[in-house]
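J.: Input: one structure, supplied below.
The values are calculated or read from the model by the stated rules, or taken from the named source; none is laboratory data. Only a predicted model underlies this, so the values are computations on that prediction, with no experimental measurement involved. All Cβ positions, even for glycine, are placed from backbone atoms using ideal geometry, and neighbour counts span all protein chains on display. When the accessible area is computed, the model is the full protein with side chains, heavy atoms only, and any ligands, DNA or RNA have been set aside. Shrake-Rupley method; radii C 1.70, N 1.55, O 1.52, S 1.80 Å.
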Amino acid sequence: MVGFKATDVPPTATVKFLGAGTAACIADLITFPLDTAKVRLQIQGERQGAVRAAASVQYRGVLGTILTMVRTEGPRSLYNGLVAGLQRQMSFASVRIGLYDSVKQFYTKGSEHAGIGSRLLAGSTTGALAVAVAQPTDVVKVRFQAQARAGGGQRYQSTVDAYKTIAREEGFRGLWKGTSPNIARNAIVNCAELVTYDLIKDTLLKANLMTDDLPCHFTSAFGAGFCTTVIASPVDVVKTRYMNSALGQYSSAGRCALTMLQKEGPRAFYKGFMPSFLRLGSWNVVMFVTYEQLKRALMAARTSQEAPF
């Protein structure tokens with residue numbers, strides 16, 4: 001099997017922190033068009049203020065959305081907000097994924113046998129901490145992905161311009177818009193993603209169905225992506241709508257959710273489900289497989305440097 005073999009030395013917290021951020025950036029580079037398509041489908045149905053330009057184009061399905069964007073806005077539109085997305089992942093994933101094991105050990109007081117409660121608590125904690133660190137990057141990423149280049153409807157010209165414009169027009173709070181739904185979303189996502197991956201991987205290893213290698217990591221990551229999409233889609237749609245909304249469009253995330261329910265019905269909460277699943281499934285596979293290999297590579301490099309000649 002191609003890849004770095006597991007070492008006897010467990011990875012340090014620093015290795016996990018750096019490895020998680022790097023792996024997440026690699027996953028984002030590969031899956032970003034799917035994420036952009038998901039955002040466009042999630043905001044479809046709005047016809048107000050700054051989102052009108054993006055909403056005027058009807059998107060149908062994942063492939064249809066991607067092809068429509070390429071035809072009307074050019075291929076580069078699929079990577080709108082990539083810079084902010086990479087900034088987000090380097091700060092966000094490093095905390096929520098890289099610190100997960102350390103926080104889990106803290107809650108279990110160092111015990112190797114972590115129960116489901118400890119895992120869920122650790123996932124919620126690191127998910128909330130990550131939002132506290134990376135919320136402005138998430139706001140800018142969503143705003144860029146939502147804006148259409150066609151028809152002169154661009155809200156921001158660059159990533160730096162977006163940070164400055166939001167801060168100037170909406171105040172400091174504008175950069176932290178949607179923090180509450182984002183904390184809720186990421187507590188749910190982190191628990192579903194990391195805990196599911198953890199449990200599937202542990203089950204496969206304990207039942208001797210697989211060894212701790214690429215096929216096991218792939219299977220666990222794919223299962224985690226599906227479970228996460230089913231659980232987190234409703235709050236993800238609300239988060240996207242609220243973060244992308246014009247100033248004063250919604251008084252709160254709760255009002256945003258209620259407006260969606262009244263105007264578009266319950267199915268609105270699962271808008272963009274297929275791109276969400278394709279994105280989360282592929283993102284999880286790339287991220288977790290890369291993360292596992294990076295941890296082993298970094299530990300192998302560290303061990304070789306420390307080994308006497």
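J.: Any idea what the relative contact order of the chain is, in percent, if you count C-alpha pairs under 8 Å spaced at least 6 apart?
T.: It rounds to 28 percent for the chain.
J.: Then there is this: Express the accessible area of the chain per residue in Å², computed with a 1.4 Å probe while the remaining protein chains stay in the model. Don't jump to the answer; show the numbers that get you there.
T.: Working: 14020 Å² over 309 residues.
That works out to 45 Å² for each residue.
J.: Between segment 81-102 and segment 106-121, how far is it from one alpha carbon centroid to the other, in angstrom?
T.: Distance between centres, Cα-based: 22 Å.
J.: State, as an integer percentage, the relative contact order of segment 13-146 based on alpha-carbon contacts under 8 Å between residues 6 or more apart.
T.: 35
J.: Under 5 Å between amide H atoms, partner at least 5 residues away or on a different chain: which partners does Gln44 have, H built in plane at 1.01 Å?
T.: Correct list: empty.
J.: When ranked by the protection proxy of mean other Cβ atoms within 10 Å per residue, highest first, what sequence do the peptides 253-259, 221-227, 105-111, 233-239 form?
T.: On the way: 253-259: 17.4, 221-227: 21.6, 105-111: 12.7, 233-239: 24.4.
So the order, starting with the most tightly packed, is 233-239, 221-227, 253-259, 105-111.
J.: About the Cα centre of the chain, how large is the charge dipole given +1 on each Lys and Arg Cβ and -1 on each Asp and Glu Cβ? Please answer in debye to the nearest 20.
T.: Using only the charged Cβ atoms, the result is roughly 1040 debye.
J.: Peptides 14-24, 65-75: what's the order by average Cβ count within 10 Å, highest mean first?
T.: 14-24, 65-75
J.: Over 32 Å between Cα atoms, which of Lys104/Lys164; Lys164/Lys201; Lys104/Lys239 qualify?
T.: Over 32 Å Cα-Cα: Lys104/Lys164; Lys164/Lys201.
J.: Then there's this: How big is the accessible area of Ser91 in square angstrom, nearest 10, if you roll a 1.4 angstrom probe over the protein chains?
T.: The value for Ser91 is about 30 Å².
J.: Given only helices, namely DSSP H runs of n ≥ 4 each adding -39500 (n - 2.57), what is the per-residue ellipticity at 222 nm of the chain, to the nearest 500 deg cm²/dmol?
T.: One gets -23500 deg cm²/dmol as the mean residue ellipticity at 222 nm.
J.: Of the labelled options (i) 20.1; (ii) 21.3; (iii) 18.8, which one gives Kirkwood radius over Cα pairs in Å as computed for this structure?
T.: Computing Kirkwood radius over Cα pairs in Å and matching it to (i) 20.1; (ii) 21.3; (iii) 18.8 gives (i).
J.: Report in % the part of the accessible area of the chain that belongs to carbon and sulfur, leaving out ligands and nucleic acids; probe 1.4 Å.
T.: Reported share for carbon and sulfur atoms: 64 percent.
J.: On to the next question. Rounded to the nearest 0.05, what FRET efficiency is calculated for Thr211 and Ala301 with R0 set to 22 Å and r the Cβ-Cβ distance?
T.: Values: r = 23 Å, r/R0 = 1.03.
Here the calculated transfer efficiency is 0.45.
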